[in-house]
Structures are given as C-alpha cells and as structure tokens.
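A.B. asks: Okay, handing you the structure first.
Just so you know, all these numbers are worked out from the coordinates, no wet-lab data involved. Since we're looking at a predicted model, the values are computed, not measured. Methodologically, a virtual Cβ is constructed for each residue, glycine included, from the backbone with ideal geometry; neighbour enumeration extends over all protein chains shown.
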Amino acid sequence: MDIFCKIVNGEIPSYTLYEDEIVKVFLDVNPDANGHSLVIPKKHYLNLYDIDNETLIHIMDVARKIGKLLEEKLHCSGLTLIQNNGSIQEVKHYHLHLKPQYENKQELLKVEEIYNILTK
Ligand code: 5GP
C-alpha cells in the first residue's frame with residue numbers, strides 16, 4: 001500500500017486542511033514553501049492517465065478553495081500547481097501540489113506552525 005493510501009486510512013498522520021468523501025488535502029511533510037499542500041483522491045489512482053474526469057474536476061474545485069485559504073491566511077502572492085507523472089513521481093498515488101509563491105523570500109516555518117496558522 002502506498003504512503004498516501006495509508007494517510008487516507010489513518011495509518012500515517014497528516015496535517016489535514018480539508019477532507020470530504022472524495023478528497024483529502026494535507027500539508028507536505030517536506031515543503032518547498034510555507035503552506036505547500038497536496039490534494040489527493042481518497043480512492044487510489046496512480047496518475048493523470050488513471051484518474052477519472054469527475055474526480056479531477058472535484059480536485060480542481062478543492063484546489064481553488066484551498067488556494068484562497070493560503071492567500072488569506074499566509075498572504076502569498078501566487079499559487080503554482082504541479083502534478084508529477086511517471087519516473088519523476090515519487091509517491092505513486094495521484095496528488096496535486098499546491099505551492100504558494102511569495103513576493104519576498106520567506107523563512108520556512110515548521111509544518112505544525114503553518115497548520116496552526118491555517119486552521120485557527
Ligand atoms: P512527487 O514527487 O511524488 O510529486 O511528490 C511527493 C510529495 O509527497 C513530496 O513533496 C514529499 O515531500 C511528499 N510526501 C512524501 N511522503 C509524505 C508523507 O508521509 N506525508 C506528507 N504529508 N507528505 C509526504
């Protein structure tokens with residue numbers, strides 16, 4: 001079972017920002033930027049070629065909502081969406097990276113601190 005399936009079933013903890021029946025959003029354990037988050041389907045799909053359109057649309061809808069949350073709470077100035085497939089994909093469970101961008105260089109805070117800012 002891949003790491004993200006284990007996060008979905010609660011075997012591995014995560015700093016969860018949002019979840020519903022179809023998706024889960026949590027903070028990346030090794031962030032490139034403060035607020036770096038991952039949107040994953042709860043059902044296992046390998047990658048872009050494996051996932052169905054309906055789930056993809058829902059993932060994008062949720063990405064929009066979380067993007068607004070990151071903007072509002074962390075005051076980022078932009079948001080980059082990345083989704084790796086094939087040999088460059090480290091975790092073999094579809095996931096969309098939400099990477100906030102900042103105008104000024106930010107010190108990377110602990111994931112827990114970012115979680116507290118985003119959820120209070
Ligand atoms: P990929 O290269 O597959 O697109 O990126 C996988 C991402 O998952 C990386 O940014 C990595 O830091 C993150 N990641 C890997 N294992 C875990 C984990 O156990 N928990 C969380 N929250 N993120 C993880």
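A.B. asks: Could you tell me which residue of segment 40-65 is nearest to the ligand (Cβ to nearest atom), considering only residues that are under 20 Å from K120 (Cα atoms) and touching a residue at least 40 places away in the same chain (Cβ under 8 Å)? Lay out the reasoning, then the answer.
C.D. replies: Taking segment 40-65 and keeping what is under 20 Å from K120 (Cα atoms), we get 62-65.
With touching a residue at least 40 places away in the same chain (Cβ under 8 Å) added as a condition, the list becomes 62, 65.
Details: V62: 16, K65: 19 Å.
By that ranking, first place goes to V62.
A.B. asks: Let me ask something additional. Given (1) surrounded by fewer than 16 Cβ atoms within 10 Å (Cβ to Cβ); (2) within 16 Å of the ligand (Cβ to nearest atom), where does H36 come up short, assuming only one miss?
C.D. replies: Of (1) surrounded by fewer than 16 Cβ atoms within 10 Å (Cβ to Cβ); (2) within 16 Å of the ligand (Cβ to nearest atom), only one is false for H36: (1).
A.B. asks: Within the set of pairs 6 or more residues apart or between chains, which connect a residue that is basic (K, R) inside segment 70-90 to a residue that is away from the ligand (no atom under 16 Å from the Cβ) with Cβ atoms less than 6 Å apart?
C.D. replies: Going by the 6 Å Cβ cut-off, the qualifying pairs are K73/I117.
A.B. asks: Please find, within segment 1-25, the residue that is farthest from the ligand (Cβ to nearest atom) out of those that are touching a Ser or Thr at 6+ places or on another chain (Cβ under 7 Å) and within 17 Å of K92 (Cβ to Cβ). Even if it seems obvious, please write down each step before you answer.
C.D. replies: Just the residues of segment 1-25 that are touching a Ser or Thr at 6+ places or on another chain (Cβ under 7 Å), to begin with: 7, 17, 22, 24-25.
After this cut, where a residue has to be within 17 Å of K92 (Cβ to Cβ) as well, the list is 7, 24.
On the way: I7: 6, K24: 10 Å.
Going through the qualifying residues, I end up with K24.
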